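Below is one structure; the comments refer to it alone.
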Amino acid sequence: MKLALILAISIALFLGFFQASLDAQSSLSGVAVNVEINDSDVAEGKIIAATKDGLKLAREADEAVIYGVVVSAPVLSVRPKEDNTFALLSNGEAGVLVSNKNGNIEAGDMITVSADAGVGQKATKAGYILGKALASYDKQDVGFLPVLVNPGYFSRASAASVSNVLGYVLNFIGEPGRWRYVLAGFVFVVAFLASTVATIKFITTGIEAVGRNPLAHSTIVRSMIVSSLGAFVLAALGFLAGMAIIRIGG
């Protein structure tokens, strides 16, 4: 009875320790590299930037290129771990220290650096980013947020422009009676592409035929001209079909 009780307690303690370890390890995926960081107060979850003075905690005022985030438990690390090095993840999922000083973070928002060294925040303008938020964060204090780390340059204006164009197109298509314009445009494009591909193929085949049989040069050239005219007629028919669709729908 005592042995069973001791065993049960041991299992419970082991599971509790294991769960605590998982909770403490906010980064459990990705390949990291052990590097030296020329800064103080380096800790797990802090964002690192590449500067002229080496790798340092990322600061908003520096506008340096973001390199990655410090992690404690990468799946795989490159280079031996030393006393003065830290595991730095530049691609993969990791827990990142963030704040909501630049607004509450929603899943899908881009994460950039903030005025607090090494701490991230929501990106609201063009600049270097660490990656994409995988969850929401609305706490006042600094805390961990899962982020899909993939450093790069983010242009909010470009993203907004694309979104506006797509929205305009969708609104245009969604209005009653506009379907015929969409269908006509599709017919135009298909006919144009088909005629272009056919013309290129006819010309290429003709040139190869002339090379193989120079004596039939005139006959091959006439065939190329006829084939090209046929492709032109195909494009014209596609244009006429598109116009007919627009008129019938009207």
Among the residues of the range 76-98, is any part of a strand (DSSP E or B), within 19 Å of Asn38 (Cα to Cα) and small (Gly, Ala, Ser)?
yes
Quick check on Asp39: is it of a type in the set (D, E, K, R), modelled with pLDDT under 90 and touching a Leu at 6+ places or on another chain (Cβ under 6 Å)?
yes
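The values are calculated or read from the model by the stated rules, or taken from the named source; none is laboratory data. These numbers come from a predicted model, not from an experiment. Every residue, glycine as well, gets a Cβ built from its backbone with ideal geometry; the counts of neighbours run over all protein chains shown.
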